[in-house]
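J.: Below is the structure I would like to discuss, written out as structure tokens.
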Amino acid sequence: MANSDNSPAPLALVIGGCTGIGKAVSLRLAADGFDIVATSRKSSAASAEVASGVAACGRQFRLLEFDVCDRERSRQVLGEAFAQQTPDVVVYNAGIAQDNLFVFMENSQWDQVLDTNLNGFFNTVQPLVFSMLAQRRGRIIVISSASGQTGQAGQVNYSASKAGLIGSVKALAREVGRKGILVNAVAPGLIATDMIKDLPVNEMVKLIPLHRAGEVEEVAGVVSFLAGKDASYITGQVIAVNGGLVI
Ligand code: NDP
């Protein structure tokens, strides 16, 4: 995707693009030739690391700081940031888990997970769609989860949010396909990030045919594919990256 003439480099927005899977996506898309706008709730050593990784690829980097649960601020920051140039690729990666059995689930656990994982998608991606439609091209890639495909005990909130994203992706793909915008989901299984650091990973990998957790780069590679020219006839799909956990 790198620009060979004087035209601006393609631009990718990675919502939640400074840690874990999102960091790997930011760095991979920079290596693919995209300038990167990544979001985080606040700048940190992690965002500085992504900034220098993107710069090392010879690409531009910009950090936007906001909480995806804050609809007003999300819209304001994104509106200002993309007033001049519409992103070519938008990756919605922000997500949290707050696991509990449904019978014990607290209101805040339900609300925070749905607000971040599903409402955050609406708060951040919806405001960008009008200008993507006007541009008549673009890719929207959403990080869902195997939990959203199969349901996971102890994760009724998380599974609902991630299944909700899959439904959103399928419906949106139907709405915007005629305008040249492709919308897909990636559904990771167990991926080695901070999100799984408190889980019994050694036990869990026994359920995975490949007998290991995935690496963030293995998810980022699929995002790269969906963002690139080889995925030009793929929309409304859920690509699983799970080592065979869900077959
Ligand atoms: P991380 O905790 O490293 O990443 C979570 C990301 O979400 C961070 O970029 C964080 O941004 C962002 N985020 C969380 N809450 C908010 C908020 N309120 N506003 C803005 N940004 C927010 O974990 P992972 O890399 O593992 O997770 C990335 C995605 O992958 C998530 O959607 C997760 O559900 C999904 N996933 C992960 C799996 C795994 O096994 N690791 C499996 C399946 C799916 P920051 O902290 O910088 O503000």
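J.: First measure r as the distance between the Cβ atoms of Leu199 and Ile247, then evaluate 1/(1 + (r/R0)^6) with R0 = 35 Å and state the FRET efficiency to the nearest 0.05.
T.: Details: r = 21 Å, r/R0 = 0.60.
Once rounded, the FRET efficiency stands at 0.95.
J.: How large is the Kirkwood hydrodynamic radius of the stretch 92-218, in angstrom, based on all distinct alpha carbon pairs?
T.: About 15.7 Å for the stretch 92-218.
J.: How big is the gap, in Å, between the Cα center of the stretch 62-95 and the Cα center of the stretch 5-35?
T.: 14 Å
J.: Between Tyr233 and His211, with labels modelled 7 Å along Cα→Cβ, what's the label distance in nm to one decimal, could you check?
T.: For the pair Tyr233/His211, the computed spacing is 3.8 nm.
J.: Between the helical axis of 20-31 and the dominant principal axis of the chain, each derived from Cα atoms, what acute angle in degrees is found, rounded to the nearest 10?
T.: 30 degrees
J.: Starting from the Cα coordinates of the chain, work out the convex hull volume and express it per residue in Å³.
T.: Values: hull volume 31.1 nm³, N = 247.
With only Cα atoms used, the chain gives 126 Å³ per residue.
J.: May I pose another question? Please give, to one decimal in nm, the separation of the simple spin-label points placed at Ser44 and Ser7, each 7 Å out from Cα toward the Cβ.
T.: 3.7 nm
J.: Scan around Val241 for amide H atoms under 5 Å from its own, H built in the peptide plane at 1.01 Å from N, and keep only partners 5 or more places away or cross-chain.
T.: Ala187, Gly189
J.: Run the simple label-point estimate for Asp70 and Glu175 please: 7 Å along Cα→C-beta, distance reported in nm.
T.: With each label placed 7 Å out from Cα toward Cβ, I get 2.5 nm.
J.: Given just the C-alpha atoms of the stretch 1-74, how large is their convex hull per residue in cubic angstrom? Write out the running numbers ahead of the final one.
T.: Working: hull volume 5.9 nm³, N = 74.
Residue-normalised Cα hull volume stands at 79 Å³.
J.: Here's something else I'd like to know. Whole-Hz Karplus ³J(HN,Hα) for the stretch 237-242, in order, using 6.51 cos²θ - 1.76 cosθ + 1.60 and θ = phi - 60°, x for Gly and Pro?
T.: For the stretch 237-242, the Karplus-derived couplings read 9, 10, 9, 7, 10, 9 Hz, x marking Gly and Pro.
J.: Amide H to amide H, which residues 5 or more places from Gly17 or on other chains are under 5 Å from it, using H placed in the peptide plane?
T.: Thr39
J.: Could you derive backbone 3J(HN,Hα) for the stretch 172-179 from the dihedral phi with the Karplus parameters 6.51, -1.76 and 1.60 (θ = phi - 60°), listing whole Hz in sequence and x where the residue is Gly or Pro?
T.: Using θ = phi - 60°, the values come out as 5, 4, 5, 5, 10, x, 4, 9 Hz.
J.: Compute and list, largest first, the equivalent-ellipsoid semi-axes of the stretch 7-146 from the alpha carbon gyration tensor, each √(5λ) rounded to a whole angstrom. Working shown, then result.
T.: Numbers: eigenvalues 140, 62, 33 Å².
So the three semi-axes of the stretch 7-146 are 26, 18, 13 Å.
J.: Per-residue counts of other Cβ atoms within 10 Å, averaged by peptide: what ranking do you get for 235-247, 157-169, 24-36, 139-151, highest first?
T.: Values: 235-247: 17.5, 157-169: 21.2, 24-36: 25.5, 139-151: 23.6.
Result, highest mean Cβ count within 10 Å first: 24-36, 139-151, 157-169, 235-247.
J.: Next question. With the contact rule set at Cα under 8 Å and sequence spacing of 6 or more, what percent relative contact order holds for the chain? The partial results should precede the final answer.
T.: Working: 489 pairs, mean separation 45.8, N = 247.
Relative contact order, the chain: 19 percent.
J.: Moving on. Given the C-alpha atoms of the stretch 196-242, compute the convex hull and give its volume per residue in Å³.
T.: On the way: hull volume 4.5 nm³, N = 47.
Considering the Cα atoms of the stretch 196-242, their hull volume per residue is 97 Å³.
J.: Amide H to amide H under 5 Å from Val183: which residues, 5+ apart in sequence or cross-chain, H placed 1.01 Å off N in plane?
T.: Answer set, sorted by chain and number: Ile140, Gly236.
Any read-out appearing in this document is the output of simple, stated calculations on the displayed coordinates, not a laboratory observation. Computed from a predicted structure; not experimentally measured. All Cβ positions, glycine included, derive from the backbone under ideal geometry; neighbour counts span all protein chains shown.
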